Amino acid sequence: MADPPGCCSTCATCLLCPYSCQWITPKKEKRKGLRTTKCDYSWFLFLFCVFLFTLVWLYFAIIILNDFHNFNEFIFRQRKLWLDWSQVLLIATAVLISYSSVLLVLALCLQLCGQPLKLHWVHKVLLILTALVVAAAFTGLGIKWAEEWKSARISLQATGPFLHIGTVGGMTLLAWPLASFIYRTRSTGLRVFLLLVYCAAMIALYLAPLGITSPCIMEENQLPPKPALVGHRGAPMLAPENTLMSLHKAVECDVQVFETDVMVSADGVPFLMHDEELTRTTNVQAVFPDRAAQSTAFNWTDLQQLDAGSWFLERRPFPTVQSLSPGDRNETTKQKIPSLEQALEAAKQSNISIMFDLRPENHSDYQNFVNVTLGVILQSGIPLQQVLWLPDGFREDVKQQAPGVQQVYGRKRLKNEKEPVLHVNLPYQDMSSEEIRQYRQDNISVNLYVVNQPWLFSVLWCSGVSSVTTNACQVLKEMKHPVWLLPSSTYLMIWIVVDCVSFLIIIWAFVLLKKCSHRRWPAESETDVLLTKINSLMQE
């Protein structure tokens with residue numbers, strides 16, 4: 001098989017070596033009569049599918065980074081092992097996508113150079129393993145973390161226009177090796193089939209923007225106000241969660257609400273704690289090694305002996321811990337578990353609201369927890385409109401005893417609502433852009449959690465959400481504008497230009513490679529005729 005112009009034998013050999021795991025020179029290739037068989041093309045197709053499969057997983061891996069801290073907490077509760085598993089995920093995904101990408105690029109270059117696609121059996125095994133690993137990852141995601149499929153759907157509102165441009169660009173570049181193969185193969189049926197499939201794919205891509213919707217495709221003057229920030233357990237990227245230091249850091253980030261979790265000690269003191277066990281965020285195992293770590297089983301005196309800050313420096317739950325100043329590190333080591341009374345006083349002095357869950361909801365003495373918590377709120381002197389009540393249990397009692405407290409519901413409004421719902425608090429996956437706009441028109445405050453990534457914050461900003469609960473208040477505070485905002489007329493122009501440029505490049509690729517093939521084929525045809533005549537003479 002002759003090399004087309006511009007592909008030297010040295011380059012062809014260098015491409016064959018890593019792909020076929022053999023050092024095959026052009027002379028050896030001719031002597032062995034190496035050709036690309038149907039089986040080889042089947043493996044190339046499998047390689048292409050594995051590359052796409054891995055690329056889709058890379059996209060998912062980037063999207064789920066917004067919620068990965070929840071996964072880290074889940075693993076710790078199950079295995080008592082803390083590790084930033086997002087780094088493991090990204091490294092493993094990078095290895096898989098790099099491997100399949102390099103193989104695909106080698107295969108395409110070999111095709112352009114007219115070399116055989118003899119994929120080595122080691123690569124075949126590794127590709128099968130790659131496909132199995134990615135399939136297992138998707139299966140695990142669907143079983144244990146199904147809500148991330150909704151996150152992926154939302155992400156398309158942020159990335160859809162750019163994915164369209166990138167996909168059109170990639171498919172346009174694919175026209176070169178495709179044209180090279182079509183002009184080289186002698187099977188008319190295969191040529192027609194590949195051309196039809198490619199044309200159908202390109203037409204679908206050219207028309208894809210008709211189905212792309214994003215709330216950020218709007219005019220500048222239509223952009224809603226920036227959503228308010230709610231500090232998720234304070235500012236957990238800058239200080240230990242659910243501590244007074246975390247509350248103060250959240251205030252520095254201009255949050256309007258401090259979101260926390262409240263439990264009640266064995267002697268009736270409400271305090272801030274998220275987990276039902278004290279293991280993750282305190283040194284309870286060192287101070288009380290012989291006691292169960294149940295949060296509500298300790299009295300207030302025992303709780304005050306615990307260190308609620310050093311774990312933050314030891315486990316580094318977020319990469320931002322490394323950049324803490326010496327002063328912040330020193331303050332971190334001094335953090336204790338704060339009582340609800342202390343948190344209310346800090347919120348009152350900082351003039352921010354406080355929103356909390358009361359845990360655990362299934363506790364046998366939960367009604368007493370509600371009464372004790374309400375008593376602390378009423379005695380604190382904080383304006384009741386600064387208190388946002390989340391727990392659903394005994395909500396009617398709360399309304400009667402503290403009518404000024406703002407009731408926040410963890411559900412959507414019902415059709416036959418007895419009392420108007422003014423505040424809702426939901427996962428960001430549970431509300432569409434259309435629902436957010438409708439609630440905004442009906443003057444219902446919508447808070448969505450947990451929003452950490454700028455792309456997600458931008459989509460919700462464009463949708464008109466009232467506020468978001470975030471771990472990354474220091475990042476979202478600095479955003480003065482959504483990541484991107486395009487008027488519909490501008491997006492239409494980009495769409496048309498990209499499609500036209502792509503179409504012209506594809507035509508150019510097929511025309512240019514056809515001319516190159518015509519230069520090569522006459523010589524090959526003359527050689528074939530000469531060999532045929534010699535063979536005939538020898539037979540005579």
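The values are calculated or read from the model by the stated rules, or taken from the named source; none is laboratory data. Keep in mind that what you see is a predicted model, and the values were worked out from it rather than measured. As a convention, Cβ positions derive from the backbone with ideal geometry for all residues, glycine included, and neighbour counts pool all protein chains shown. Surface areas here come from the heavy atoms of the whole protein model, side chains and all, with no ligands, DNA or RNA. Shrake-Rupley method; radii C 1.70, N 1.55, O 1.52, S 1.80 Å.
Tabulated results
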{"read-out": "Length released on extending from S489 to Q367, taking residue separation times 0.36 nm less the Cα-Cα span", "value": "38.2 nm"}
{"read-out": "Nearest-0.05 FRET efficiency for E435 and L512, computed from C-beta distance (R0 60 Å)", "value": "0.70"}
{"read-out": "I507 accessible area, assembled protein chains, probe 1.4 Å, Å²", "value": "80 Å²"}
{"read-out": "The chain - Rg over Rh from alpha carbon coordinates, Kirkwood radius", "value": "1.12"}
{"read-out": "Ranking by accessible area, most exposed first, for Y99, Y428, Y206 with a 1.4 Å probe", "value": "Y99, Y206, Y428"}
{"read-out": "Lysine pair count for region 228-478 [Cα-Cα under 16 Å; pairs on different chains or 8 or more apart]", "value": "5"}
{"read-out": "Under the Karplus curve 6.51 cos²θ - 1.76 cosθ + 1.60, θ = phi - 60°, whole-Hz ³J(HN,Hα) for region 267-283, x wherever Gly or Pro sits", "value": "9, x, 10, x, 9, 8, 6, 8, 6, 6, 10, 8, 4, 6, 10, 9, 9"}
{"read-out": "Percent RCO, i.e. relative contact order, over the chain, from Cα pairs under 8 Å lying at least 6 residues apart", "value": "16 percent"}
{"read-out": "Per-residue HN-Hα couplings for region 367-380 [Karplus 6.51, -1.76, 1.60; θ = phi - 60°; Hz; x = Gly/Pro]", "value": "4, 5, 4, 4, 5, 5, 5, 4, x, 5, 4, 5, 7, 6"}
{"read-out": "Whole-Å distance, taken between Cα centres, linking region 258-298 and region 60-97", "value": "26 Å"}
{"read-out": "MRE, 222 nm, helices only [DSSP H, n ≥ 4, -39500 (n - 2.57), over the chain, to nearest 500]", "value": "-18500 deg cm²/dmol"}
{"read-out": "Residues with amide H under 5 Å from that of L388, placed H, sequence gap 5 or more", "value": "I354, M355, F356"}
{"read-out": "Straight-distance crosslink candidates among aspartates and glutamates, where the alpha carbon sits under 19 Å from K80 and sequence neighbours closer than 8 are dropped", "value": "E241, D275, E276, E277, D290, D307, E314"}
{"read-out": "Cα centre as origin, Lys/Arg/Asp/Glu Cβ charges: the chain dipole, Debye", "value": "2940 debye"}
{"read-out": "Histogram of C-alpha separations across region 417-474, 5 Å bin width, %", "value": "4, 20, 32, 23, 12, 5, 2, 1"}
{"read-out": "Value of relative contact order over region 228-478, rounded to a whole percent, pairs C-alpha under 8 Å and six or more apart", "value": "21 percent"}
{"read-out": "J(HN,Hα) series, region 479-496, from Karplus relation 6.51 cos²θ - 1.76 cosθ + 1.60, nearest Hz, glycine and proline x", "value": "7, 9, 7, x, 3, 8, 8, 10, x, 4, 5, 5, 5, 4, 5, 4, 4, 5"}
{"read-out": "Alpha-carbon Debye profile of region 228-478, log10 I(q)/I(0) at 0.10, 0.12, 0.14 Å⁻¹", "value": "-0.49, -0.71, -0.96"}
{"read-out": "Beta bridges by DSSP in the chain, antiparallel share as percent, to the nearest 5", "value": "15 percent"}
